[in-house]
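To start, the structure itself, in structure tokens.
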Amino acid sequence: MAKKAGQQQLQADIQSDEELERFLERPGLLVLDIYSEWCGPCLALVGNLRKIKLEMGGDNLQLAICKSDNITALKRFNKKSEPTWLFVTGGRAVNIMFGSDVPKLLNLLTRELEKTLQKTPRQAFYRLDELQPIEVEQQRIKMEAIERADRIEREAKHKKQVDYLTQVTESIMENMPDIGVTVFGPQVNRDMFKKLTEPAEPLKMQCKDRRVIQVSMDQFEIVNFACKNPLPMDVIEQLDGKELLMCFWKIDESIGTVPNVLMAYAHELTRERVGPPNEEFGEEHVIPPIIATMKLKIEVELKEGEVWVEEVSSEEELRLAQAKAKGKSKSVVQEETHPAEEEAADFDGEEEASEEEVPEAVADAPPGFPDMPFDMDIDNDVEAAEDEEEIQEIKEEEPPKPLTRIKTVKVPPIWVPNNRRTHAALIYVFFRGQTSGFLPPDPKPDPPHVIMAFDATKRKEIMHVVDRHKDDVPLYGYFSSGDPEDAELIANSTDKYESSPHLATDKIVLKVNKVQSNMMLSLVSYGPSYVSPNVNVGKDEALRFFPEDYKLQEEVVVEPEKKRKKSKKMSEAHGPQEPLEPDAAAATSAAVEPVSTDVSAPAGEGEVPAAAAGEGAAVAEVVPAVPAEPTAEGAAPEAPPPEAAPESPKEEGLAEAQPSAPEPEAEVPADPAPEPAVE
């Protein structure tokens, strides 16, 4: 008992913030062996530390094991499986070491103890919850590895998507060489279709299908993968979620290629035409295009350091802008704005002035008035002054608003890709029904899923649920940890895991599809040690646990073996069975069949001894007549057949399993049926 008490004094066991605070008040160098609940302390190395404490440390060296799960300052070590040693003096951390290298740990401990005893000035002190330089470096390396893995994953995913799209578009171009698609802007609706077909007739274009489709940004990203004239991103942002009219055209290739014919069609829809004189117009006049560009003004925030440069998008707007600038330079005095200049102001470039520019109409208004959120009583000067002061105070308290600018986005009325592959991509995305005759259906996407980790000691119960729901638990494995960043694969099957050395801290990790069933409730009832917080995190964690090349090892099926053992045991109990002679087999079947068809006979009456099998059907007549009259002379010679049954090894097992025929028939002497047989 004394030895046990001495060991307790050599090392403290800390499991709470209060215990850690009291321990930090001790003098000298404090060495903390930090561990988590799922991965116990490194007790093997603690023995070496105790030896140093007894030999040279004494009261100047204090040892403790700290459970990081319950200690706030050590939370960052929660999921660590690597031994962690934290050196503390004066309540502040001075060094840290990871791993189980005994010589390195002892050398570091000796140096730190000498500095503490000699009171050598130290270069840096750290809070217990603060990352030390070695931890910062580890974190940097870890983040770089994660980013590199993510980049590789994204590149692989993108390549896989491009390869698949290339494959399907090749098939569409081969099977639909004369088909193209036009995408109309939101300013074009289905009621305008009759007008849209007017320029199509001279070009021998036939509309085979048309649909109004709500388009998402992801779909346009797929379409633009091989496009040489893609829609600009700011236009796609305005089309995101909008309903767009799309037409599926058949082109006469004698006129030209699909992109060229559709580009000519788009030009006819958007060009201005000159009409001849008529009753309304006495001379030639300009007819506006059938469909025109839509201009949307949106407010965008200026990024830090961004300089707003006014853009000019056409020669006409350039001319109007120059005229406006020339008119302003003639005189400093404010003059009446010319109507042409007003028009120029409306269409001035792609981007217009920010909200900080004060309109000319309110240039003389008092400061603050244009931005007032409510009406003011201008007649009451006193109240107006008080309100103005309150507004100014509110404005001083409000944070500065970000700089913004007004940008004009031009949405084209029609978009036609200038290469066939992009037309094939449009067909694949928006007119997939047209390809059902030659294009196989897309592979089903991976359903949303999460990661669930359990102690490997519960593997029998967990695998019982997994076997019943194999479709919803596509992958599983045994790992050293439930943390995807630190976990190492141990086995990809239960048989392999049980045949290899394992620890109590091992985990069985499942990839579980998130479905509306009792399967997940069944798994949760076994107390998982970890579950992904959501399907997005679960998807990333599943790729870490189960990369694309991960395969399950087939489990050994033991059910047939059990059946073979059971049948072997039954055959041993019944005795060896030899093959019947052909004549004996025929006689046996002939003897059994008439009796087995008698529904009124009790079970067991149909069994016939092997010795009597050679007598054929006559045995069936003799057997019930045996107990009728013991004194009858004709009955005596026919009595031996039932006694001779044990002599035949062919039906020995059958005779033991079933009662002999004469025994049940002994209860039927009162029946008058046997009397004709005796006569």
Next on the checklist: When the residues of the range 505-521 are narrowed to those that are more than 15 Å from VAL450 (Cα to Cα) and in contact with a helix residue (DSSP H, G or I) (Cβ under 7 Å, 6 or more places away or on another chain), which ends up surrounded by the most Cβ atoms within 10 Å (Cβ to Cβ)?
Outcome noted: LYS507
Next on the checklist: So in the range 168-194, with the set limited to residues that are assigned to a helix (DSSP H, G or I) and over 14 Å from HIS423 (Cα atoms), which one is nearest to the chain's Cα centre (by Cα)?
Outcome noted: ARG190
Checklist entry - For ALA226, are the conditions met, namely being closer than 18 Å to PRO412 by Cβ and surrounded by 15 or more Cβ atoms within 10 Å (Cβ to Cβ)? => result no
Checklist entry - Residue check, TRP249 against (1) closer than 30 Å to GLN161 by Cβ; (2) in contact with a strand residue (DSSP E or B) (Cβ under 7 Å, 6 or more places away or on another chain); (3) open to solvent by 60 Å² or more (accessible area, probe 1.4 Å), all met but one. Which one? => result (3)
Next on the checklist: Any residue at all in the range 93-106 that's of a type in the set (S, T, N, Q) and either in contact with a Cys (Cβ under 6 Å, 6 or more places away or on another chain) or over 30 Å from GLU548 (Cα atoms) (or both)?
Outcome noted: yes
Next on the checklist: I'd like the full set of residues that are in contact with a Phe, Trp or Tyr (Cβ under 6 Å, 6 or more places away or on another chain) and part of a helix (DSSP H, G or I), limited to the range 95-129.
Outcome noted: GLU112
Item to check | Filtered residue count, the range 97-129, keeping only those that are surrounded by 13 or more Cβ atoms within 10 Å (Cβ to Cβ) and acidic (Asp, Glu) | outcome: 2
Checklist entry - Could you give every pair whose Cβ atoms fall below 7 Å, whose first residue belongs to the range 127-155 and is at negative phi, and whose second residue is open to solvent by less than 80 Å² (accessible area, probe 1.4 Å) and of a type in the set (Ser, Thr, Tyr), counting only separations of at least 6 or pairs across chains? => result GLN132/TYR126
Item to check | Number of the exception - SER36 against (1) open to solvent by less than 20 Å² (accessible area, probe 1.4 Å); (2) at pLDDT below 70 | outcome: (2)
Checklist outcome for this item: All-but-one check, THR257 against (1) more than 48 Å from the chain's Cα centre (by Cα); (2) polar (S, T, N, Q); (3) surrounded by 13 or more Cβ atoms within 10 Å (Cβ to Cβ), failing number (1)
Checklist outcome for this item: Within the range 477-486, the residues that are modelled with pLDDT under 90 and more than 15 Å from SER36 (Cα to Cα) are PRO484, GLU485
Checklist outcome for this item: Taking first residues from the range 252-276 that are touching a residue at least 40 places away in the same chain (Cβ under 8 Å) and second residues anywhere that are surrounded by 19 or more Cβ atoms within 10 Å (Cβ to Cβ) and of a type in the set (Gly, Ala, Ser), the pairs with Cβ under 8 Å that are 6 or more apart or on different chains are VAL258/GLY180; PRO259/GLY180; VAL261/GLY180; LEU262/GLY180; TYR265/ALA200
Checklist entry - What tally of residues in the range 430-457 results from selecting those that are hydroxyl-bearing (Ser, Thr, Tyr) and farther than 30 Å from TRP249 by Cβ? => result 1
Next on the checklist: So TYR478 ticks every box in (1) free of Cβ contacts under 8 Å to residues at least 60 places away in the same chain; (2) under 30 Å from GLU243 (Cβ atoms) but one. Which box is left unticked?
Outcome noted: (2)
Checklist entry - Within the range 54-68, which residues are in contact with a strand residue (DSSP E or B) (Cβ under 9 Å, 6 or more places away or on another chain), part of a helix (DSSP H, G or I) and surrounded by fewer than 21 Cβ atoms within 10 Å (Cβ to Cβ)? => result ASN60
Item to check | Among (1) of a type in the set (Lys, Arg); (2) more than 25 Å from TYR428 (Cβ to Cβ); (3) within 42 Å of the chain's Cα centre (by Cα) - the single one ARG271 does not satisfy | outcome: (3)
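The values are calculated or read from the model by the stated rules, or taken from the named source; none is laboratory data. A quick note: this is a predicted structure, and the numbers were derived from the prediction, not measured. Note that we place each Cβ from the backbone using ideal geometry, even for glycine, and neighbour counts take in every protein chain shown. With ligands, DNA and RNA removed, areas are computed over all heavy atoms of the protein, side chains included. Shrake-Rupley method; radii C 1.70, N 1.55, O 1.52, S 1.80 Å.
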